[in-house]
Amino acid sequence: MAEGPLVHFYASRLRRVLQGQEVWVEFGIRKLKESESSLRGLSVREVEAYGKQLRIHFSDGRLLLIHLMMWGSWRIYQTGEVWDKPRQRARVSLHTSSHEVVAFSAPIVQLLTRTELENDPTWGNSGPDPLRSDFSKKAFFHRLEAEDSREIGDILLDQRVIAGLGNILRIEILFGSGIHPRRKVKELPRDEKDELLRWILKLSQTWMREMGKRKSWIRIYRRSGNPCPRCSAPIEFFRQVGRITYACPGCQR
C-alpha cells in the first residue's frame, strides 16, 4: 500500500515535470478513453498529494484522482525513452514536450470536477493530512473523538479521520506513543492523544526525509517474536480490521 509519504514523494517529482505544462493524456481504461479528446490543449495547474490520493488539476477545473492501492507505481520518462514496464499496464499517461509520466497498475483512476470530488463520500471526505501545510490538529481531534467507541488501531487506518496512514505507520506510531492498538479512543486521556499526534507528525515526516533509504524508524513491524527494543518482551501479532498488527504487550499500555 502506498502510504502518504510515498504519495507526497511522487507528487513532488511529478510537479517538477508537469506543473504549468500543456499535456496530452492517454488512458489505459476503456471507460475513460472517450474523455481523452476533452483534455487536449489543457495544461496542468497543480499536482498535489492528499493522504493516499494523488490529484492532478487541469486548467479547465477538472482533476485526475489516482490511488495506487497495493499495486500501482509512477514512472517518469524522457520523451522517447523506452519504458521499463509493459505498456498494457499503463492506466494513465501524461505527455509533455519533454516527458512521459505514467501510472502503472493503479486500480483507481477517476476524472472528476471539483464539485464531484467534494460530494464523493469515498474520496471527498478525507481527514486532515499530516504532511500538508493545511493540516489541522483541531480537525484531527474532532474526527478522532467522534469515533470514541472504536479501537485506536482501527481508527488510524480510517482515511476519514486522518489521511495517509497505512499499516506500517500506524504500527510504529502506536509503538512510539506507547499505546496498545486494542485500546478504545474513549479510554485515551488528552496527554496520550497529544503524544499520539506527536508521533503521527514525527514518523510521517521522518519517512519523507528517509525516502529511498533504509527505514531506520521501523522498530517492530514484521518482527513478531523478537524482543521489544525497549523492554525486551516478545513482540506479539494479531489481526485487527483484517490487517496484521504488531504490538509490545509490555510497554504499549
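May I ask you to say which residue of Leu174, Leu65, Leu144 is touching a residue at least 12 places away in the same chain (Cβ under 8 Å) and not assigned by TED's automatic domain parsing to the domain that holds Glu236?
Leu65
Of all residues in the stretch 15-37, those satisfying the criterion of being in contact (Cβ under 8 Å) with a residue 12 or more places away in the chain and more than 20 Å from Gln88 (Cβ to Cβ) are Arg15, Val17, Leu18, Gln19, Gly20, Gln21, Glu22, Val23. Pairs meeting the criteria (first residue in the stretch 119-141 and outside the structural domain of Leu54 (by TED's automatic domain parsing), second residue of a type in the set (Lys, Arg), beta carbons under 7 Å, at least 6 apart or on different chains) are Asn125/Arg160; Ser126/Arg160; Gly127/Arg143; Gly127/Arg160; Phe141/Lys193. Out of the residues in the stretch 74-105 that are free of Cβ contacts under 8 Å to residues at least 60 places away in the same chain and either surrounded by 14 or more Cβ atoms within 10 Å (Cβ to Cβ) or not assigned by TED's automatic domain parsing to the domain that holds Gly20 (or both), which is nearest to Ser12 (Cα to Cα)? Restricting to residues being free of Cβ contacts under 8 Å to residues at least 60 places away in the same chain and either surrounded by 14 or more Cβ atoms within 10 Å (Cβ to Cβ) or not assigned by TED's automatic domain parsing to the domain that holds Gly20 (or both), the top hit is Arg75. With respect to the conditions (1) under 17 Å from Val101 (Cβ atoms); (2) touching a Phe, Trp or Tyr at 6+ places or on another chain (Cβ under 6 Å), Arg16 lacks only one, and its number is (2). Any chance the stretch 37-44 includes a residue that's polar (S, T, N, Q), in contact with a helix residue (DSSP H, G or I) (Cβ under 8 Å, 6 or more places away or on another chain) and more than 26 Å from Gly164 (Cβ to Cβ)? Looking for residues that are polar (S, T, N, Q), in contact with a helix residue (DSSP H, G or I) (Cβ under 8 Å, 6 or more places away or on another chain) and more than 26 Å from Gly164 (Cβ to Cβ), one finds none in the stretch 37-44, hence no.
Rundown of residues vs (1) free of Cβ contacts under 8 Å to residues at least 12 places away in the same chain; (2) on the phi < 0 side of the Ramachandran plot; (3) in contact with a Pro (Cβ under 7 Å, 6 or more places away or on another chain); (4) among the hydroxyl-bearing types (Ser, Thr, Tyr), yes/no style:
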residue: Lys213; (1), (2), (3), (4): yes, yes, no, no
residue: Ser216; (1), (2), (3), (4): yes, yes, no, yes
residue: Arg230; (1), (2), (3), (4): no, yes, no, no
residue: Ile235; (1), (2), (3), (4): no, yes, no, no
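Residues of the stretch 147-161 that are touching a residue at least 60 places away in the same chain (Cβ under 8 Å) and closer than 22 Å to Ile66 by Cβ: Leu157, Gln159.
So that you can scan it fast, the table gives a plain yes or no per residue for (1) part of a helix (DSSP H, G or I); (2) farther than 22 Å from Ile173 by Cβ; (3) in contact with a strand residue (DSSP E or B) (Cβ under 8 Å, 6 or more places away or on another chain):
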{"position": "Val7", "(1), (2), (3)": "yes, no, yes"}
{"position": "Val17", "(1), (2), (3)": "yes, yes, yes"}
{"position": "Val25", "(1), (2), (3)": "no, yes, yes"}
{"position": "Glu34", "(1), (2), (3)": "yes, yes, no"}
{"position": "Ser38", "(1), (2), (3)": "yes, yes, no"}
{"position": "Gly41", "(1), (2), (3)": "no, yes, yes"}
{"position": "Glu46", "(1), (2), (3)": "no, yes, yes"}
{"position": "Ala49", "(1), (2), (3)": "no, no, yes"}
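A quick yes/no check of all residues on (1) surrounded by 18 or more Cβ atoms within 10 Å (Cβ to Cβ); (2) assigned to a helix (DSSP H, G or I):
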{"position": "Glu192", "(1), (2)": "no, yes"}
{"position": "Leu196", "(1), (2)": "yes, yes"}
{"position": "Ile200", "(1), (2)": "yes, yes"}
{"position": "Trp207", "(1), (2)": "yes, yes"}
{"position": "Met211", "(1), (2)": "no, no"}
{"position": "Arg214", "(1), (2)": "no, no"}
{"position": "Ile220", "(1), (2)": "yes, no"}
{"position": "Ser232", "(1), (2)": "no, no"}
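The values are calculated or read from the model by the stated rules, or taken from the named source; none is laboratory data. Since we're looking at a predicted model, the values are computed, not measured. Every residue, glycine as well, gets a Cβ built from its backbone with ideal geometry; the counts of neighbours run over all protein chains shown.
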